[in-house]
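Undergrad: Shown below is the structure under consideration.
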Amino acid sequence: MKKIITFWAENKMTKILFLTPYPLNSAPSQRFRFEQYFPFFADKNIDYHTSPFLDEATWKIFYKKGYFFKKTLGIIKGLINRHLLIFKIHQYDKLFIHREAAMVGPAYFEWIYAKILKKEIIFDFDDAIWLKDVSNANENLSWLKFPNKTKAIITYSKTIIAGNNYLAHYAKQFNNNVFVIPTTIDTNYHFIANKKTAKSIKIGWTGSVTTNKHLALVINIIKELAKKYPHIEIIMISNQPIIQSDLKIKFIAWNQESEINDLSQINIGIMPLPDDKWAKGKCGFKGLQYMALEIPTIMSPVGVNTEIIQDGVNGFLANSNEEWFNKLESLILSEDLRVKLGKAGRQTVIEKYSVEANKDYFLSLFK
């Protein structure tokens, strides 16, 4: 009888409900934090369902200027759905909450799910979300944000998954059950065979409207390089072009279907960051994308970037304007250096930051 019970317990299907801010397969933070692990769940006897806070229509306009009433209606709809979920929670063994159950208000739903309904919560976060950071498009809704609720969510949760050690250090103040799992790359998806030698050198950056301001940090440096090397081009991949710049920039609207081909045009990938508390919580995702595609990468030495990059070995770290100029110039001038750093960068991703390297550890937290 004991063997039968043990066998049943080990093979019992675990039912997980993922509470996400955004619709499935839409936001990078979700796609590369946990969605790409979904295909492996069946083999581990895990059944999952997803419940986004924003619907597709609201998501499409949420980070655009204006649309105040449509955004408000979308938020109200999300709040109603989170309340209705209370009557369905009993169907699931565990809840996985990415960042927050609701994009507005205090940790009200987390408290109900954990304290009233006694559900085990796995909480995942990949930014310093205990700090207030609101996009320019949603400044008029900033009063609805409650960043202090992050502490409460961590306290209510059984398991915490942090994107880097900086985030984990914060979480451990309120909960001892904290695990660090980086934002990971599927190296089978992030792969281009037989990359051709470029006639012109393309310096590239990818991001979104909320991080466009980071590209602005190195615009003047790139302008000086463009004067000295007229054959270089600047590529920006985002959901919205940079607001103001007198530098000629080729803008490519981010598109999931073409994202790998678009990124693969880049010969040098850059990830400038300010040295502030919010940036220290970043998980280095832009840099990891470049590196996975064997694109030599330059990153600001902020937060986890100093763990990802060994300066001069698998990429470059650049702090001052002079360092940014000199390291960009060295990559512009040397194809051999670009190839060397590019190959070393991809190997780093395969060994430490790939889905394959992290999937077993990630999946183990659900059983």
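Taken together, the values in this text are just the output of simple stated rules run on the coordinates, not laboratory data. Keep in mind the model is a prediction, meaning the values are calculated, not measured. Here the Cβ is made from the backbone with ideal geometry for all residues, glycine too, and neighbour counts use every protein chain on show.
Undergrad: Against the longest principal axis of the chain, how steep is helix 68-84, in degrees 0 to 90 to the nearest 10, with axes from Cα atoms?
TA: Tilt relative to the chain: about 40 degrees.
Undergrad: What are the equivalent ellipsoid semi-axes of the chain, built from the alpha-carbon gyration tensor (square roots of five times its eigenvalues), in whole angstrom, biggest first? Let's see the in-between values first.
TA: Details: eigenvalues 283, 120, 63 Å².
The three semi-axes for the chain are 38, 24, 18 Å.
Undergrad: Then there's this: For the chain, what is the calculated [θ] at 222 nm in deg cm²/dmol (nearest 500), taking -39500 (n - 2.57) for each run of four or more DSSP H residues and dividing by its residue count?
TA: Working: 16 runs with 129 residues, N = 367.
Mean residue ellipticity at 222 nm (helix-derived): -9500 deg cm²/dmol.
Undergrad: Please work out whether the stretch 71-129 counts as rounded, prolate or oblate from its C-alpha gyration tensor, where a ≥ b ≥ c are the square roots of the eigenvalues and a/c under 1.5 means rounded, while otherwise a/b larger than b/c means prolate and anything else oblate? Can you show the working numbers first?
TA: Numbers: a/c = 2.01, a/b = 1.15, b/c = 1.74.
Because a/c hits 1.5 or more and a/b fails to exceed b/c, the stretch 71-129 counts as oblate.
Undergrad: Can you tell which of Pro241, Ser320, Ile295 lies farthest toward the positive end of the dipole of the chain, using +1 and -1 charges on the Cβ of basic and acidic side chains (Lys, Arg; Asp, Glu)?
TA: Farthest towards the positive pole: Pro241.
Undergrad: Further question: Charges at C-beta only: +1 for Lys and Arg, -1 for Asp and Glu. How large is the resulting dipole of the stretch 28-84 about its Cα centre, in Debye rounded to 20?
TA: Details: 10 positive and 5 negative charges, 94 e Å.
Dipole about the Cα centre, nearest 20: 460 debye.
Undergrad: Could you please state, rounded to a whole Å, how far the C-alpha centre of the stretch 45-122 is from the C-alpha centre of the stretch 243-321?
TA: For the stretch 45-122 versus the stretch 243-321, the Cα centre distance is 31 Å.
Undergrad: Another question about this same structure. I want the local charge near Ile112. Using Cβ-Cβ distances under 10 Å, sum +1 for each Lys or Arg and -1 for each Asp or Glu among the other residues.
TA: Values: positive: Arg82, Lys115, Lys119; negative: Glu110.
Within the 10 Å Cβ shell, the charges total +2.
Undergrad: Pairing the Cα long axis of helix 355-364 with the longest principal axis of the chain, what angle in degrees results, from 0 to 90 and rounded to the nearest 10?
TA: Once rounded, one gets 20 degrees.
Undergrad: Follow-up. Please give the peptides 321-328, 159-166 ranked by average Cβ packing (other Cβ atoms within 10 Å per residue), highest first, as a rough proxy for protection.
TA: Working: 321-328: 17.2, 159-166: 21.6.
Output ranking for 321-328, 159-166: 159-166, 321-328.
Undergrad: Residue by residue through the stretch 102-114, what is 3J(HN,Hα) from phi via Karplus (6.51 cos²θ - 1.76 cosθ + 1.60, θ = phi - 60°)? Round to whole Hz and write x for glycine and proline.
TA: Values per residue, Gly and Pro as x: 10, 6, 9, x, x, 7, 5, 5, 4, 5, 5, 4, 7 Hz.
Undergrad: Where in the stretch 232-289 are there GluC sites (Glu not before Pro) that are in a DSSP coil and have at most 12 other Cβ atoms within 10 angstrom of their Cβ? Spell out each step's value before the answer.
TA: On the way: sites: Glu233, Glu257, Glu259; in loops: Glu257.
Sites meeting the loop and neighbour criteria: Glu257.
Undergrad: Got the relative contact order for the stretch 48-130 handy, in percent, Cα pairs under 8 Å and 6 or more residues apart? Walk me through the intermediate numbers first.
TA: Details: 68 pairs, mean separation 23.0, N = 83.
Result for the stretch 48-130 is 28 percent.
Undergrad: Using the Karplus curve 6.51 cos²θ - 1.76 cosθ + 1.60 with θ = phi - 60°, work out ³J(HN,Hα) for each residue of the stretch 262-271 in order, rounded to whole Hz, and write x for Gly and Pro.
TA: Karplus values, whole Hz, x for Gly and Pro: 5, 5, 6, 6, 6, 9, 9, x, 10, 9.
Undergrad: Sorted by average packing, counted as other Cβ atoms within 10 angstrom per residue and highest first, what order do 289-296, 107-114 take?
TA: On the way: 289-296: 26.4, 107-114: 21.2.
Result, highest mean first: 289-296, 107-114.
Undergrad: Given a cut-off of under 8 Å on Cα pairs at least six residues apart, what relative contact order in percent is computed for the chain? Working shown, then result.
TA: Numbers: 644 pairs, mean separation 50.5, N = 367.
Reported as a whole number, the value is 14 percent.
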